[in-house]
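The values are calculated or read from the model by the stated rules, or taken from the named source; none is laboratory data. Just so you know, these numbers come straight off a predicted model, no measurement behind them. So basically every Cβ, Gly included, is an ideal-geometry build from the backbone, and we count neighbours across all protein chains shown.
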Amino acid sequence: MADKILEVKELKLHFPVYDGIIFKSQVGAVRAVDGVNFDLYKGETLGLVGESGCGKSTTARSINQLHRPTSGEIIFQGKDIAKYSHKEMLPVRKNIQMVFQDPYASLNPRMTVGNIISEPMDIYAKLGIYNKSKNDIEKRVEYLMERVGLSHFYKNRFPHEFSGGQRQRIGIARALALDPDIILADEPVSALDVSIQAQILNLMKDLQDELNLTYLFIAHDLSVIEYISHRIAVMYLGRIVEIADAHDLYHNPKHPYTQALLSAAPIPDPEIEKNRERIILTGDVPSPDQERFGCYFCERCSHKMDKCEKNIPELKTINNTNHQVACFLFE
């Protein structure tokens, strides 16, 4: 395995819930992220998959401190950045960039494409962190536009003059502007047509090979995650329940939730699809505002044991492999 570039330990982000109109008091918390652990290695793509609302996007935003973590550690380049101030985070954010889900909302409609892509470089140049002249920045904007598949002659156009796929290419160019080490891709293709999704995914893979980029790629589409990821982490109710190499996870899922999730994904072969066993989960996803003392999945699990209700299983490695699972069945 390549060098470890990011390490997340027991990351938590709880949003407080207040009651009262004038004298507000905290009456609870929404546990959006509740003890996430994973490592990210140089040059790989770690796919983060799970149901909507399980905390995937909040995890990515916590890493970059767009949401300040409640507790936990985020080790980047040997330093814990989880408690960094805004000023301390500035040089860190240069190396950890984001591509957002909605290409319509993530671009300023009043700025030209050239200004959108150059804005990170302009800001960091004023701070003295990015030592490039205006002419160098202009040339890099043109290079980045060409590299993501857009003519640099369009740099004076506005976002509304582009399609959804083209706007996402602009977002990718902006993320690449400062030569980051890590890109946090928050469902970057979910708002696009299927044919455009393939183009964007292939572009991201080409850029990764060319620039040795590291991706944390978030999605809820299992086929997208399988195509782009080297390793996959499965998330449920604010916690990661399984991490494995992509091929291993899809062909040998261990956690009951992962097995149910994969059984719900359609297979484009009618014979296999017809004879495949479905795992139907009972009940609904529990509310994230409740504190839990046992396994987060035990209320919907057909393999539930007594200790599942009283203890939270830790993410542990199985038989000295790259496969990790948080389940008492594999102790």
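Pairs are defined by a Cβ separation below 6 Å, a sequence spacing of at least 6 or placement on different chains, a first member in the stretch 250-269 that is of a type in the set (Val, Ile, Thr), and a second member that is surrounded by 14 or more Cβ atoms within 10 Å (Cβ to Cβ); the pairs so defined are Thr258/Val234; Thr258/Glu242.
Take Gln65 and tell me if it is closer than 25 Å to Asp34 by Cβ, of a type outside the set (Asp, Glu) and either part of a loop (DSSP other than H, G, I, E, B) or modelled with pLDDT of 95 or more (or both). So Gln65 fits the description; yes. Whenever a residue of the stretch 132-155 is on the phi > 0 side of the Ramachandran plot, it has no partner that is aromatic (Phe, Trp, Tyr) and modelled with pLDDT of 95 or more lying with C-beta atoms less than 9 angstrom away and at least six residues away or across chains.
Kindly establish whether Leu144 is buried (at least 16 other Cβ atoms within 10 Å of the Cβ), of a type in the set (A, V, I, L, M, F, W, C) and in a loop (DSSP other than H, G, I, E, B). Before the answer, list the steps.
Working: buried (at least 16 other Cβ atoms within 10 Å of the Cβ): yes; of a type in the set (A, V, I, L, M, F, W, C): yes; in a loop (DSSP other than H, G, I, E, B): no.
Judged against the criteria, Leu144 is not a match.
When Gly72, Gly53 are checked against the criterion of being of a type in the set (Gly, Ala, Ser) and not in a loop (DSSP other than H, G, I, E, B), a single residue qualifies: Gly72. Considering (1) in a loop (DSSP other than H, G, I, E, B); (2) without any contact (Cβ under 8 Å) to a residue 24 or more places away in the chain, the lone condition that Asp122 does not fulfil carries the number (1).
Does Arg174 meet the test of being part of a helix (DSSP H, G or I), touching an Asp or Glu at 6+ places or on another chain (Cβ under 9 Å) and of a type outside the set (S, T, N, Q)? Break it down stepwise before answering.
Values: part of a helix (DSSP H, G or I): yes; touching an Asp or Glu at 6+ places or on another chain (Cβ under 9 Å): yes; of a type outside the set (S, T, N, Q): yes.
When the stated conditions are applied, Arg174 passes them.
Remark: pairs (first residue in the stretch 87-114, more than 27 Å from Leu6 (Cβ to Cβ); second residue among the basic types (Lys, Arg) and assigned to a loop (DSSP other than H, G, I, E, B); Cβ separation under 8 Å; 6+ apart in sequence or on different chains) = Thr112/Lys155; Thr112/Arg157; Val113/Lys155; Val113/Arg157; Gly114/Lys155. Looking only at the stretch 44-56, residues that are surrounded by fewer than 18 Cβ atoms within 10 Å (Cβ to Cβ) and over 20 Å from Phe297 (Cβ atoms) come to 0 in all. The residues of the stretch 47-71 that are among the small types (Gly, Ala, Ser) and over 25 Å from Asp245 (Cα atoms) amount to a single one, Ser71.
Residues of the stretch 1-41 that are surrounded by 13 or more Cβ atoms within 10 Å (Cβ to Cβ) and among the basic types (Lys, Arg): Lys9, Lys12, Arg31.
So which residues in the stretch 273-299 are surrounded by 16 or more Cβ atoms within 10 Å (Cβ to Cβ) and either in contact with a Lys or Arg (Cβ under 6 Å, 6 or more places away or on another chain) or at pLDDT 90 or above (or both)? Show your work before the answer.
So in the stretch 273-299, the residues surrounded by 16 or more Cβ atoms within 10 Å (Cβ to Cβ) come out as 281, 285, 288, 292, 294-299.
The answer is Leu281, Pro288, Gly294, Cys295, Tyr296, Phe297, Cys298.
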